[in-house]
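**Student:** Take this structure, written in structure tokens, and hold onto it; I'll ask about it next.
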Amino acid sequence: MVVSVLELLPKDYGYVAIVLVLYCFLHFYLGFLVGQARKKYNVPYPSLYAIESENKHAKIFNCIQRGHQNSLETMPIFFTLMVLGGLKHPLISTALGLLHNVARYFYFTGYATGEPNNRLKHGGGFHFLAILGLMFCTISFGWTLINQPVSP
């Protein structure tokens, strides 16, 4: 009997995949906003950040850029934890992934005000809670694998 990979995955694992794609759409949107800010605040490519001595809008642009960049920096962690933790806990991982997506949006919009401390206001800091929850889901998955009986 041949078993496909899809038959091995939990039925609700599709939600995990959808949340990951939603995160990709969020990043396309944030990247678009950075592009708009480049034009508005005159920060040409390939400069990653504006230089404060050369651009009076450097702080606001740099905050917008950092909001996006920080989300990119944490993306591999988020994806890894979602994929692995979702194998044992697909619905919990989906809920945590949605929380992470929403919190990341508010993190960015708070940062984009030009005041870095605003990134954690209005729910932006909840992405830490989501990552912590996903870590527990992934640990649970790993522990389950370790404790499986050995096949003959």
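**Student:** By how many nm would the segment from Lys121 to Ser151 lengthen if fully extended, with 0.36 nm per residue of separation less the alpha-carbon distance? Numbers along the way, then the final one.
**Tutor:** On the way: separation 30, 0.36 × 30 = 10.80 nm, distance 5.04 nm.
Full extension from Lys121 to Ser151 adds 5.8 nm.
**Student:** Straight distance only, please: which lysines reach the Cα of Lys59 with their own Cα at less than 19 Å, same-chain residues fewer than 8 apart left out?
**Tutor:** Once the sequence-local lysines are set aside, what remains near Lys59 is Lys39, Lys40, Lys121.
**Student:** Further question: For segment 23-83 and segment 98-152, write down the distance between their C-alpha centroids in whole Å.
**Tutor:** A separation of 20 Å, based on Cα centres.
**Student:** What's the exposure ranking of Arg66, Arg119, Arg104, going from fewest to most Cβ atoms within 10 Å?
**Tutor:** On the way: Arg66 19, Arg119 22, Arg104 26.
With the fewest neighbours first, Arg66, Arg119, Arg104 line up as Arg66, Arg119, Arg104.
**Student:** Once the Cβ-Cβ distance between Lys11 and Leu129 is put in as r, and R0 is 25 Å, what FRET efficiency do you end up with, to the nearest 0.05? All intermediate terms of the calculation are to be shown ahead of the outcome.
**Tutor:** On the way: r = 26 Å, r/R0 = 1.06.
Using R0 = 25 Å, I get an efficiency of 0.40.
**Student:** Shifting gears a bit: Name the chymotrypsin sites (Phe, Trp or Tyr not before Pro) in segment 49-114 that are in a loop by DSSP and that have at most 10 other C-beta atoms within 10 Å, would you?
**Tutor:** Listed in order of number, the matching sites amount to none.
**Student:** May I pose another question? Say the dipole of the chain comes from +1 at the beta carbon of Lys and Arg and -1 at that of Asp and Glu; which of Gly114, Leu132, Val5 then lies farthest toward its positive end?
**Tutor:** The residue sitting most towards the positive pole is Gly114.
**Student:** Segment 19-142: Rg/Rh from Cα coordinates, Kirkwood Rh?
**Tutor:** On the way: Rg = 15.9 Å, Rh = 15.1 Å.
Here the Rg-to-Rh quotient is 1.06.
**Student:** Here is a follow-up. Of Gly86, Ile60, Asn101, which is farthest towards the positive pole of segment 19-142's charge dipole, taken about the Cα centre with +1 and -1 on the beta-carbons of Lys, Arg and Asp, Glu respectively?
**Tutor:** Highest projection toward the positive end goes to Ile60.
**Student:** Dipole size in debye (nearest 20) for the chain around its Cα centre, Lys and Arg Cβ +1, Asp and Glu Cβ -1?
**Tutor:** On the way: 11 positive and 6 negative charges, 88 e Å.
So the dipole magnitude of the chain works out to roughly 420 debye.
**Student:** To continue, here is another question. If you stretched the chain out fully between Asn70 and Ser53, how much longer would it get, using 0.36 nm times the residue separation minus the C-alpha to C-alpha distance? Show your work: numbers first, answer last.
**Tutor:** Details: separation 17, 0.36 × 17 = 6.12 nm, distance 2.36 nm.
Residue separation times 0.36 nm, minus the Cα-Cα distance, leaves 3.8 nm.
Read the figures in this text as sums done on the coordinates, not as results from a lab. Nothing here was measured: the structure is a model prediction, and the numbers come from that model. Neighbour counts run over all protein chains shown; Cβ positions are idealised from the backbone, glycine included.
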